[in-house]
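Reading through the structure tokens given below for one structure.
The values are calculated or read from the model by the stated rules, or taken from the named source; none is laboratory data. Bear in mind that the values here come from a model prediction, so they are computed numbers and not experimental data. Cβ coordinates were reconstructed from backbone atoms using ideal geometry, including for glycine residues, and neighbour counts include every protein chain displayed.
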Amino acid sequence: MPYYFFHMRTTEGVEQDPEGITFPSLEDARKDAEAGLVDMVSDEMASGRGLHLRGIDITDGKGTVFASVNVNSDTQDDLDGDSGDANDFGEFPAAEGLVKASIQGKQKP
């Protein structure tokens with residue numbers, strides 16, 4: 001199985017993933033990154049300090065970007081400093097609507 005690396009893009013720059021993880025396919029890696037980003041955005045919204053995450057780039061060991069999962073740029077600026085509304089469980093369902101994935105041109109490592 002191929003290794004994929006999840007590099008986090010934030011307002012401060014890029015946090016490199018030095019270890020990577022194996023997935024059966026790029027689509028499986030993308031789904032995992034998307035679910036993880038939704039969770040992290042929800043956590044940031046709960047903190048009330050604004051959104052600092054901008055997305056995750058999924059790469060191979062050479063740094064070739066195969067897919068990106070992004071916080072929707074149209075809404076992230078509106079939410080900086082405004083956490084939105086939590087549900088009864090302290091979760092922020094709006095986080096799901098903020099995350100969008102895209103697959104780049106080259107799809108197989």
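Annotation: ASP17 fulfils all but one of (1) modelled with pLDDT under 90; (2) in a loop (DSSP other than H, G, I, E, B); the unmet one is (1). For segment 29-41, the set of residues classified as within 19 Å of PRO18 (Cβ to Cβ) and either in contact with a helix residue (DSSP H, G or I) (Cβ under 6 Å, 6 or more places away or on another chain) or at pLDDT 90 or above (or both) consists of ALA29, ASP32, ALA33, GLY36, listed by residue number. Of all the numbered requirements in (1) in a helix (DSSP H, G or I); (2) surrounded by 17 or more Cβ atoms within 10 Å (Cβ to Cβ); (3) modelled with pLDDT of 90 or more, GLU44 misses one, and that requirement is (3).
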